Amino acid sequence: IRGDEATPSTQQTLTTLFTRMLAGPGDNTICYYSKRVEENWSHAYQLAKSVCIYSPWQFLFWYDRPLEAYEESEEVPEERVIRDEPELEFFEKVPTVWDETRVLRGSIGEYAVIARRSGKEWYIGGMNNNKARSFKIPLGFLEKDKDYVAHIYFDDPTIKTRTKVGIRRSTVNAETVLDFNMKANGGQAVRLVPAGSGDDFPPYQP
C-alpha cells in the first residue's frame, strides 16, 4: 500500500484509495508527529486518512510514542513525542470497522471525501492532492429530524500548536451543507454525533 513510512505523495495515496482499496481492507500506517507530515502532507489530512482508508488494523502513531515510553538512557526525538494536541480526541473516537460507507466526492489521484457510519455516529474524511479545493458537502445521509453535533478538524496555520489543526463545533442536521475547504496536500475530518447523546461535546473546548 505504501503507508506513511514510505512517504507516498498525496497523488499516490489518492490513487491507492481508488484502486488497491477496492479489493478490501489494507494495513495502512499513519505518521502523525514525524517531520515528513509537515514536509509532504498536513495533520488534518492525516486525521482524514483514518476514515478514508479502510484499515481495521490501524496504526495511528507510526514512529510516535508518549514521553513515558522512553527509557532514561534513550535519546528522545522531541518531534515524535505524543503530546496533548486537542485534535487527538478524533483519533480516540474513530472506529476501525464501519456499518455504512458513502463516497461523497472523488477523483482518482486528486481528491476524496468519504463518509462512514459506525452505529449512530458518522465520520467524514476529506483528502486532497497538490491543488487547493473547496466543496459543498450536503449531510442528507443523516437521520431526518435529528440534530447532530459536528466536530470539524481543519488545517489552520494560525493555531498555536505544532500540528496546526483548528477545531470548530456546530449543531447540524440532514438539511445542513458543510463547507470543505482543503489546502494543497491538506484535508479535513469531521465527527458527527447525535445531539444529547452524552458524548456530543468533549470536556474541553478549543
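The values are calculated or read from the model by the stated rules, or taken from the named source; none is laboratory data. What you are looking at is a predicted structure, and each value in this text was computed from that prediction instead of being measured. Note that each Cβ is placed from the backbone with ideal geometry, even for glycine, and that neighbours are counted across all protein chains shown. Protein only, heavy atoms only, side chains kept; ligands, DNA and RNA dropped before computing areas. Shrake-Rupley method; radii C 1.70, N 1.55, O 1.52, S 1.80 Å.
List of remarks:
- Cβ-Cβ under 8 Å pairs, at least 6 apart or on other chains, region 59-70 side surrounded by 13 or more Cβ atoms within 10 Å (Cβ to Cβ), far side part of a helix (DSSP H, G or I) and modelled with pLDDT under 85: Tyr63/Arg80; Asp64/Arg80; Arg65/Arg80
- Residue within region 163-184 that is under 18 Å from Ile53 (Cα atoms) and surrounded by 15 or more Cβ atoms within 10 Å (Cβ to Cβ) present: yes
- Of the candidates Ser134, Ser197, the single residue that is farther than 19 Å from Asn28 by Cβ, of a type in the set (Gly, Ala, Ser), exposed (fewer than 15 other Cβ atoms within 10 Å of the Cβ) and touching a residue at least 60 places away in the same chain (Cβ under 8 Å) is Ser197.
- Under the condition of being open to solvent by 50 Å² or more (accessible area, probe 1.4 Å) and assigned to a helix (DSSP H, G or I), the residues counted in region 2-24 number 6.
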